[in-house]
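The structure under discussion appears below in the form of C-alpha cells.
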Amino acid sequence: MSMDQILTAIRHADGVLELAPAPGDPFPELAWGDHFFYYAPDGQVPQREQPYATIVTKNYPDDASGDLDPPGRWRLNIHVGRRVFTELLGTDPRENPATAVDFTAVDVVLPHPLYRRQGWISIINPDARTTALAVDLLRAAHDDARRRVTRRTSTGS
C-alpha cells in the first residue's frame, strides 16, 4: 500500500486533524514531509494531546534505526496501547525485548524504536502482509483518541 493510500484511509475519519509540515510553515524543517494525526473536531491542534498516529519519511537525530533516509522508505507509527501491543507482539511494551529487533524490516509490525513503552507500534512501508491490519489499527487509534477527548470534555478537565 502506498503512503497516499494510507493517508486517504486516515483522512476519512471524522474529526481528524492532520499536520503535514512543509516549507514556510511554523514547524521545524526536520518535520517537513511528515504527517501527524490528532482527533480534533474543532480543527485546533490539541495542546495537551499527542498524535495517535504519525508517518515519518526520514531518520531523526535520535532515531535512525529504521533507515528511513533512502528514497521510498517511510514508517507508519500508531499508538495501540498496552493490551493491543501485547496481542500483536507477544510481549508487554514496558518490558525489554528478549531478542534483538530488526527495525529496518519492511511490511512487519514492530515495536516503535523510541515509544515502545508507551504502547506504540511501527510498520515500515506497509504492504500485503500489514495493510489491512494497519488500517484497522488506525481506526481503533482514532476511536481511542476520540473517546479520550470526549471523556476529558465531558468531565471539564
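The values are calculated or read from the model by the stated rules, or taken from the named source; none is laboratory data. These numbers were taken from a predicted model, which means no experiment stands behind them. Cβ sites come from the backbone with ideal geometry, for glycine too, and all protein chains shown count toward neighbours.
Every test in (1) of a type in the set (A, V, I, L, M); (2) assigned to a helix (DSSP H, G or I); (3) touching a helix residue (DSSP H, G or I) at 6+ places or on another chain (Cβ under 9 Å); (4) within 16 Å of Y39 (Cα to Cα) is passed by V84 save one, and that test is (4). Taken together, D25, D34 contain a single residue that is farther than 21 Å from D143 by Cα and touching a strand residue (DSSP E or B) at 6+ places or on another chain (Cβ under 8 Å), which is D34.
In the set D69, D42, which member is of a type in the set (D, E, K, R) and in contact with a Lys or Arg (Cβ under 7 Å, 6 or more places away or on another chain)? Reasoning before the result, please.
Numbers: D42 fails: in contact with a Lys or Arg (Cβ under 7 Å, 6 or more places away or on another chain).
Exactly one of D69, D42 is of a type in the set (D, E, K, R) and in contact with a Lys or Arg (Cβ under 7 Å, 6 or more places away or on another chain), namely D69.
Scanning the range 14-49 for residues that are under 24 Å from V108 (Cα atoms) and either assigned to a loop (DSSP other than H, G, I, E, B) or of a type in the set (K, R) (or both) yields G33, D34.
Restricting attention to the range 87-127, which residues are part of a strand (DSSP E or B) and out of contact with any Asp or Glu (no Cβ under 9 Å at 6 or more places or on another chain)?
The first filter runs over the range 87-127 and keeps only residues part of a strand (DSSP E or B), leaving 106, 110-111, 120-124.
Passing the criteria: P111, W120, I121, S122.
Just a yes or no: is a residue in the range 132-153 surrounded by fewer than 17 Cβ atoms within 10 Å (Cβ to Cβ) and not in a helix (DSSP H, G or I)? Taking every residue of the range 132-153 in turn, none turns out to be surrounded by fewer than 17 Cβ atoms within 10 Å (Cβ to Cβ) and not in a helix (DSSP H, G or I). Check whether at least one residue in the range 57-80 is outside any loop (DSSP other than H, G, I, E, B) and among the small types (G, A, S), and report yes or no. For the range 57-80, residues outside any loop (DSSP other than H, G, I, E, B) and among the small types (G, A, S): absent. The condition of being touching a Pro at 6+ places or on another chain (Cβ under 7 Å), touching a residue at least 40 places away in the same chain (Cβ under 8 Å), more than 28 Å from V101 (Cα to Cα) and hydrophobic (A, V, I, L, M, F, W, C) holds for A40. Has the range 76-93 got any residue that is under 19 Å from L19 (Cα atoms) and either loosely packed, with under 14 Cβ neighbours inside 10 Å or out of contact with any Phe, Trp or Tyr (no Cβ under 8 Å at 6 or more places or on another chain) (or both)? Yes; the residues of the range 76-93 include at least one that is under 19 Å from L19 (Cα atoms) and either loosely packed, with under 14 Cβ neighbours inside 10 Å or out of contact with any Phe, Trp or Tyr (no Cβ under 8 Å at 6 or more places or on another chain) (or both). Screening the candidates R48, R94, R82 for the property of being at pLDDT below 95 and under 28 Å from R148 (Cα atoms) yields one hit, R48.
Tell me which residues, restricted to the range 55-104, are free of Cβ contacts under 8 Å to residues at least 24 places away in the same chain and of a type in the set (S, T, Y). Within the range 55-104, T86, T91, T99 qualify.
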